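Worksheet: one structure, shown below.
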Amino acid sequence: MPVEFLGIAATNDGSETTARSGAAFDKEYTLRLARAHEDHGWDRVLFAYGSGSPDPAPAAAYIASRLDRLQILLAHRPNVSYPTFAAKTFATLDQISEGRLTVHFITGGNDHEQGREGDTLTKDERYARTVEYIRIVKRIWTSREPFDHEGEHYRFHDFVSDVFPVQQPRPAVSFGGSSAAAYAAGGAEADIYCLWGEPLEQTAQQIDGVRAAAEAAGRTDVPRIQVAFRPIIAPTEELAWEKAHRTVGAIKQRREAGLARHHRNGVLHAAAPQNTGSQRLIAIAEAGERYDRALWTPTAAATGGAGNSNALVGTPETVAQALLDYYDLGVDILSARGYDLLGDAVDFGRYVIPLVREEVAKRDAARGARQDAANAARSPRENLAAVRG
């Protein structure tokens, strides 16, 4: 199966290790970073969402209008706009990008962050709302006749959009999470299911959970699987591990400074994460620092399990082989984001992506040859039965 690479479409040069040098939305840097991804073999970039961050939709439109090939993964929280409005926004962006849009729906795993924009629903209520929201958006994308909707969270009448996606029947829907409720929602509605990088054994268990949820929802297909990592690469193993330890030191320094600043302003220190994904990352880090071929957990521990934070450490060859281990589990979208956003995007694209693509092509060719041999060994009647069924 083909493999795809997802990078980050940051709107400024700040990261967990470095304070940003300019405004939250730095137009020139946003374009430079996106162009670096397009020029170095990446397939798509994520425009993330934060309560106080620049709006990702117009930032994505800006990039889509200036680049020709790079695909867009747009993060969206259902609490911030009505689904009728959102569906039109997404369709318009798919038109601007000429069919390069995927939408990643975020239910929200932190009550405080959700509350910043007026969302007071419980986590279970948020999942129910997200499922209803996605179904409405899908219907708007594909319906040419007006329709009514009377749901638990949304009600409207006689709606039909006048703008439709380029992609037919619709753009892909992306979803993520590590709880049973997330598996149920994403298993039912997602075309792509996103996981944070965990050890191979735990990742396999999560993939099984997603597939079981899809089957329980009555689907005959399953979502594609995406897994996200923070690569730390260098020409030698020794240099890569030195870089990894420097990275953790910088993360801790910035985090401690931020907590101290918040404490002086009367805000309590960071609480334990509410979302299951972050809780899992912390538990994995507490159980050990190194897993499998190259997975390293201190980066996750240093951030308190914040988001995509487990690292893959080593030479490009080591990291490429580690990614191939996940590919062998059934992961066909590999998400990677370094700490020097621009420099790491270039290095990863130059030194890791070609190695992975080359090996995937070899494996796919070998798999095809084995299948051809198996077909040749079957009788014509057996081949006909295989085609039919």
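The values are calculated or read from the model by the stated rules, or taken from the named source; none is laboratory data. Because the structure is a prediction, the values reported are computed rather than measured. Cβ: placed from backbone, ideal geometry, glycine included. Neighbour counts: every protein chain shown. When the accessible area is computed, the model is the full protein with side chains, heavy atoms only, and any ligands, DNA or RNA have been set aside. Shrake-Rupley method; radii C 1.70, N 1.55, O 1.52, S 1.80 Å.
Key figures
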quantity	calculated
Every residue from the range 204-214 that is among the hydrophobic types (A, V, I, L, M, F, W, C) and crowded, with 17+ Cβ neighbours inside 10 Å	ILE207, VAL210, ALA213, ALA214
Residues being open to solvent by less than 20 Å² (accessible area, probe 1.4 Å) and among the β-branched types (Val, Ile, Thr) - total across the range 330-351	2
The range 5-22 - residue that is open to solvent by less than 40 Å² (accessible area, probe 1.4 Å) and in contact with an Asp or Glu (Cβ under 6 Å, 6 or more places away or on another chain) and, of those, nearest to ALA320 (Cα to Cα)	PHE5
Residues satisfying the stated conditions in the range 151-207, i.e. touching a helix residue (DSSP H, G or I) at 6+ places or on another chain (Cβ under 7 Å) and β-branched (Val, Ile, Thr)	VAL163, VAL166, VAL173, THR203, ILE207
Given (1) open to solvent by 40 Å² or more (accessible area, probe 1.4 Å); (2) more than 18 Å from SER97 (Cβ to Cβ); (3) within 21 Å of the chain's Cα centre (by Cα), number of the condition SER51 does not satisfy	(1)
Failed condition for ASP208, given (1) of a type outside the set (S, T, N, Q); (2) on the phi > 0 side of the Ramachandran plot; (3) part of a helix (DSSP H, G or I)	(2)
Any hit, the range 315-336, residues being among the polar types (S, T, N, Q) and within 20 Å of SER15 (Cβ to Cβ)	yes
Selection count, the range 63-86, where residues are farther than 28 Å from HIS153 by Cα and surrounded by fewer than 18 Cβ atoms within 10 Å (Cβ to Cβ)	4
Residue check, ALA75 within 19 Å of ILE192 (Cα to Cα) and within 19 Å of the chain's Cα centre (by Cα)	yes
Of the criteria (1) surrounded by 15 or more Cβ atoms within 10 Å (Cβ to Cβ); (2) closer than 27 Å to PHE47 by Cα; (3) out of contact with any strand residue (DSSP E or B) (no Cβ under 9 Å at 6 or more places or on another chain), which one GLU359 fails	(2)
Close pairs from the range 121-137: first within 14 Å of ASN275 (Cα to Cα), partner among the hydrophobic types (A, V, I, L, M, F, W, C), Cβ under 7 Å, at least 6 apart	ASP124/ALA181; TYR127/ALA181; TYR127/ALA185
Unmet criterion (only one of (1) open to solvent by 60 Å² or more (accessible area, probe 1.4 Å); (2) under 18 Å from GLY277 (Cβ atoms)) for ASP158	(2)
Residue pairs meeting the criteria (Cβ under 7 Å; at least 6 apart or on separate chains; first in contact (Cβ under 8 Å) with a residue 40 or more places away in the chain, in the range 282-307; second part of a strand (DSSP E or B))	LEU295/LEU312; TRP296/ARG290; TRP296/ALA311; TRP296/VAL313; THR299/ARG230; THR299/ALA311
Residue count for the range 97-112, restricted to those that are at negative phi and surrounded by fewer than 18 Cβ atoms within 10 Å (Cβ to Cβ)	3
Pick from the range 215-229, criterion under 18 Å from VAL3 (Cα atoms) and either among the acidic types (Asp, Glu) or outside any loop (DSSP other than H, G, I, E, B) (or both), ranking: most open to solvent (accessible area, probe 1.4 Å)	ARG224
Sole exception among (1) open to solvent by 20 Å² or more (accessible area, probe 1.4 Å); (2) more than 30 Å from GLU125 (Cβ to Cβ); (3) in a strand (DSSP E or B) for VAL45, by number	(1)
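Residue-wise test of (1) in a loop (DSSP other than H, G, I, E, B); (2) buried (at least 21 other Cβ atoms within 10 Å of the Cβ).
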| position | (1), (2) |
| --- | --- |
| VAL166 | yes, no |
| SER174 | no, yes |
| ALA185 | no, yes |
| ALA188 | no, no |
| TYR193 | no, yes |
| GLN202 | no, no |
